[in-house]
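Each remark here refers to the structure printed beneath this line.
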Amino acid sequence: MQEFINEKFHDAEIYCIKKNKNSLELYLSLINKIDKVITFVNPVFWELTSFEQQNIIFEFSTFDGKKIPGFLLEEYPELNNFKMSSYQISYLDSSIGLRGIIVYELLEIKN
């Protein structure tokens with residue numbers, strides 16, 4: 001799934017963030033003009049930079065709580081609280097604008 005996510009969302013623009021009671025949603029507009037919504041179900045933690053005029057995804061990565069890469073643990077020490085957990089972690093690296101991490105139970109991608 002990791003390669004699919006990176007390939008699918010590279011250079012996509014995040015044009016909206018929405019927080020509901022049980023989810024955190026990122027609305028994306030892709031280069032080919034197909035809109036997608038990435039929903040993080042039951043988010044328990046996130047650290048995101050400010051939302052800017054443009055928010056372009058360079059890399060969108062997901063990791064199991066049991067396999068958090070060292071570079072993420074260094075950049076986001078709070079992730080140590082989720083090591084060896086059943087949570088998933090998404091890392092959003094941007095070309096410009098919004099970037100950060102989200103810790104959640106389930107990821108859904110919808111049209």
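The values are calculated or read from the model by the stated rules, or taken from the named source; none is laboratory data. Model, not experiment: these values are computed from the prediction. Cβ coordinates were reconstructed from backbone atoms using ideal geometry, including for glycine residues, and neighbour counts include every protein chain displayed. Side chains included, ligands, DNA and RNA excluded: accessible areas come from the protein's heavy atoms. Shrake-Rupley method; radii C 1.70, N 1.55, O 1.52, S 1.80 Å.
Output the residues belonging to region 29-44 that are in a loop (DSSP other than H, G, I, E, B) and either modelled with pLDDT of 85 or more or open to solvent by less than 20 Å² (accessible area, probe 1.4 Å) (or both).
Filtering region 29-44 down to residues in a loop (DSSP other than H, G, I, E, B) leaves 30-34, 42-44.
Matches in region 29-44: L30, N42, P43, V44.
It is to be established whether one or more residues within region 82-94 are more than 13 Å from V44 (Cβ to Cβ), without any contact (Cβ under 8 Å) to a residue 40 or more places away in the chain and of a type in the set (V, I, T).
Looking for residues that are more than 13 Å from V44 (Cβ to Cβ), without any contact (Cβ under 8 Å) to a residue 40 or more places away in the chain and of a type in the set (V, I, T), one finds none in region 82-94, hence no.
For (1) touching a helix residue (DSSP H, G or I) at 6+ places or on another chain (Cβ under 6 Å); (2) under 21 Å from K8 (Cα atoms); (3) not in a loop (DSSP other than H, G, I, E, B), each residue gets a yes or a no:
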position	(1), (2), (3)
Y27	no, yes, yes
W46	no, no, yes
Q54	no, yes, no
F63	no, yes, yes
F71	no, no, yes
N81	no, no, yes
S90	no, yes, yes
S94	no, yes, yes
I101	no, yes, yes
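What number of residues within region 70-106 satisfy the criterion of being open to solvent by 30 Å² or more (accessible area, probe 1.4 Å), closer than 20 Å to N55 by Cβ and not charged (D, E, K, R)?
2
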